[in-house]
1. Can you tell me which lysines have their Cα less than 24 Å from the Cα of LYS103? Leave out same-chain residues fewer than eight positions away.
2. Under 29 Å from the Cα of LYS58, which lysines turn up, not counting those fewer than eight places away in the same chain?
3. Taking K and R as +1 and D and E as -1, what net charge do the other residues with C-beta under 13 Å from the C-beta of LYS58 add up to?
4. Need the list of aspartates and glutamates near LYS51 for cross-linking: C-alpha distance under 17 angstrom, and skip anything on the same chain fewer than eight residues off.
5. Work out how much length CYS49 to ARG16 would gain on full extension: take 0.36 nm times their residue separation and subtract the Cα-Cα distance, in nm to one decimal.
6. Among rounded, prolate and oblate, which fits segment 54-112 when a ≥ b ≥ c are the square roots of the eigenvalues of its C-alpha gyration tensor, a/c under 1.5 means rounded, and a/b larger than b/c means prolate?
Amino acid sequence: MRGDANTGTKNWKLRRVPLIPDAHALFQRMRSERSGESLDAKVFRVRECQKSLDRACKKVGTARVTHHDLRHLFATRCIESGVDVPTVSRWLGHKDGGTLAMKTYGHLRREHSIAQAQRVTFAPVPAKQADIIAFPARNS
């Protein structure tokens, strides 16, 4: 194993990442399906991630997926959802402020790219009345 045996991170540092609402709902559902368990029992019982992923992929008839593929998907979906790259980078444990994340995860899927292109305009954007602050004229 590379990195710290307790934190499981390569840089030996513990990271805290905010719980995404969809993940929270999934974890609650998983807990409710095992109501007899202690609340401090692990949510995930998997000891070997890749073996479980391999079995699941075989069961549904899809190509092999690795935990790193899931990390890549997570980062891409975060960026596509509008999470800024420096934040995604910190969540991934990168220390470079987002450079590696932009190189690795900054690509966007074609559908997302097309949708984002529709947002670009060169027409003047009118200011809303609430955005305008009137200043009294100065007499010189």
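Just so it is clear, none of the values below were taken in a lab; they were calculated from the coordinates. Just so it is clear, the structure is predicted and the values come from calculations on it, not from any experiment. Reconstructed Cβ throughout: ideal geometry from the backbone, glycine too, with neighbour counts over all protein chains shown.
1. Correct list for LYS103: LYS10, LYS13, LYS95.
2. Those lysines meeting the cut-off are LYS42.
3. Neighbourhood net charge equals +3.
4. LYS51 reaches ASP69.
5. 9.8 nm
6. The shape class here is prolate.
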